[in-house]
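Just so it is clear, none of the values below were taken in a lab; they were calculated from the coordinates. A quick note: this is a predicted structure, and the numbers were derived from the prediction, not measured. All Cβ positions, glycine included, derive from the backbone under ideal geometry; neighbour counts span all protein chains shown.
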Amino acid sequence: MPINFLTIGHITHDLTPNGFRFGGTVSFASVTAHRLGWQPGILTRVSPKGLLPEMETAPTAPVDVIAPDGSPLAGIPIHLLPSATSTTFMNIYHDGVRTQVIAELAGPVTPADLPVAWADVPVVLLGPLVRDVPASWTAMFPRALIGVTPQGWMRRWDAAGHVSPTRWDNAASFLHRVDVAVMSREDVDGDEEYIADLARQARILIMTEGWRGATIYMDGASHHVAPRPATEVDPTGAGDVFATAFLLRLAETGDPLVATRFANVAASMSVEAPGLASIPYRAQVDEWLERNP
């Protein structure tokens, strides 16, 4: 079956005390789409370590694979670009604040890497993590609904890999072409003037706010959408789950407010267990919304 949701960026190795687990926007986004009943595909540059047990060394040319059973990405088609290394993060949380360190870095994913078979996909999420997805991608899908989670353009790192925030210096190049941009209020340090500037450039801008829900900016107005209460265990990837759920529900309904509420519920469920484990299935989200109209 052809894919109908494409996500572009790095699959990462996120280091934990028990080894690494897969992370990155594309991992959370593709699993979310799959569990919400869509057919996702991933375009990424990553080493095959842990992803494809039968592949001992990195391929020398792009390969099309389907993540095997037992993988957290099981069943998802992946266009794997050659890389000897994977972008590798250490995420350290203290009192809800994340400190990140980049241990290894893979190369960028460029429009020249797009498989012909995926050129007409109807919904696309650009998920840069380390400035790996250039703005030139926004011109590649003229008929698609395109979203971006720009966190990868809002971080910089020193020679030791310690990550710090920065302004989105090429925001205009993305915002003038994409349909939706999703980021957290933490990404901009709550700077309302900066948020207003981004909102003026965007078709739809969404600021996620953790347990406070999300605010959507469109047509010169803002709308706050209340959250679903949740007990947070691991917030990693919640913004990616939100962005994916929003895009897919917007594609289904055409209603940004309905899509925001749906995405709030999906994202809140995703933080209730570590990693990819608690990303909800469509039935779970629909059931909660039916019980809480």
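Rounded to the nearest 5, what % of the DSSP beta bridges within region 1-134 are antiparallel ones? Numbers along the way, then the final one.
Numbers: 16 of 31 bridges.
In region 1-134, approximately 50 percent of DSSP beta bridges are antiparallel ones.
Assuming 0.36 nm per residue, please report the length gained on full extension of the stretch T57 to T85 beyond their Cα-Cα distance. Intermediate results must be reported in sequence, preceding the final value.
Details: separation 28, 0.36 × 28 = 10.08 nm, distance 1.04 nm.
Contour length minus Cα-Cα distance gives 9.0 nm.
If you wrap the chain's Cα atoms in a convex hull and average its projection over all directions, what's the area in nm²? The partial results should precede the final answer.
Details: hull surface 58.5 nm².
The directionally averaged projection comes out at 14.6 nm².
Could you size up the charge dipole of the chain around its Cα centre, putting +1 on the beta carbon of Lys and Arg and -1 on that of Asp and Glu, and report it in debye to the nearest 20? Walk me through the numbers before you get to the answer.
Working: 20 positive and 31 negative charges, 53 e Å.
Roughly 260 debye, rounded to the nearest 20.
For region 106-121, in order, what is each residue's ³J(HN,Hα) by Karplus, 6.51 cos²θ - 1.76 cosθ + 1.60 with θ = phi - 60°, in whole Hz (x at glycine and Pro)?
8, x, x, 10, 10, x, 5, 8, 6, x, 4, 5, 9, 6, 10, 4
Within region 157-171, name every residue whose backbone N is under 13 Å away from a label modeled 7 Å from Cα of I92 along the Cβ vector.
The answer is 161-163.
Once the Cα gyration tensor of region 204-277 is found, what semi-axes does its equivalent ellipsoid get, as square roots of 5 times the eigenvalues, in whole Å, sorted largest first?
Working: eigenvalues 89, 33, 17 Å².
Three semi-axes, in Å: 21, 13, 9.
How large is the charge dipole for region 32-157, taken about the Cα centre, if only the Cβ atoms of Lys, Arg (+1) and Asp, Glu (-1) carry charge, to the nearest 20 debye?
Working: 8 positive and 9 negative charges, 92 e Å.
Taking the Cα centre of region 32-157 as origin, the dipole is about 440 debye.
How big, on average over all directions, is the shadow cast by the Cα convex hull of region 75-136, in nm²? Could you put the intermediate results ahead of the total?
Values: hull surface 25.5 nm².
Across all orientations, region 75-136 yields a mean hull projection of 6.4 nm².
What fraction of the DSSP beta bridges in the chain is antiparallel, stated in percent and rounded to the nearest 5? Present the calculation step by step, with values, prior to reporting the outcome.
Numbers: 30 of 56 bridges.
If we restrict to bridges inside the chain, about 55 percent are antiparallel.
Where does each of 2-10, 102-110, 177-185 land if you order them by average Cβ count within 10 Å, highest first?
Working: 2-10: 25.1, 102-110: 17.9, 177-185: 21.9.
Top to bottom by mean Cβ count within 10 Å: 2-10, 177-185, 102-110.
Put +1 on the Cβ of each Lys and Arg and -1 on the Cβ of each Asp and Glu in region 177-292; which of Y281, W211, A221 then has its Cα farthest toward the positive end of the dipole?
Farthest towards the positive end: Y281.
Which three lengths, in whole Å and largest first, does region 112-225 cover when its Cα atoms are put on their principal axes?
Result, largest extent first: 42, 40, 25 Å.
State the extension gain, in nm to one decimal, for the chain segment bounded by V258 and A139, taking 0.36 nm per residue of separation less the distance between their alpha-carbons.
Working: separation 119, 0.36 × 119 = 42.84 nm, distance 2.76 nm.
Here the answer is 40.1 nm.
Shape call for region 139-293 from the C-alpha gyration tensor, a ≥ b ≥ c root eigenvalues: rounded (a/c under 1.5), prolate (a/b greater than b/c) or oblate? Please report the intermediate quantities before stating the final value.
Working: a/c = 1.67, a/b = 1.22, b/c = 1.37.
Oblate.
With bins 10 Å wide starting at 0, give me the P(r) of region 94-169 over every alpha carbon pair, in whole percents.
16, 43, 26, 13, 1
Set the Förster distance to 51 Å, then compute FRET efficiency between S71 and D219 from the Cβ-Cβ distance, nearest 0.05. Can you show the working numbers first?
Working: r = 42 Å, r/R0 = 0.82.
So the FRET efficiency works out to roughly 0.75.
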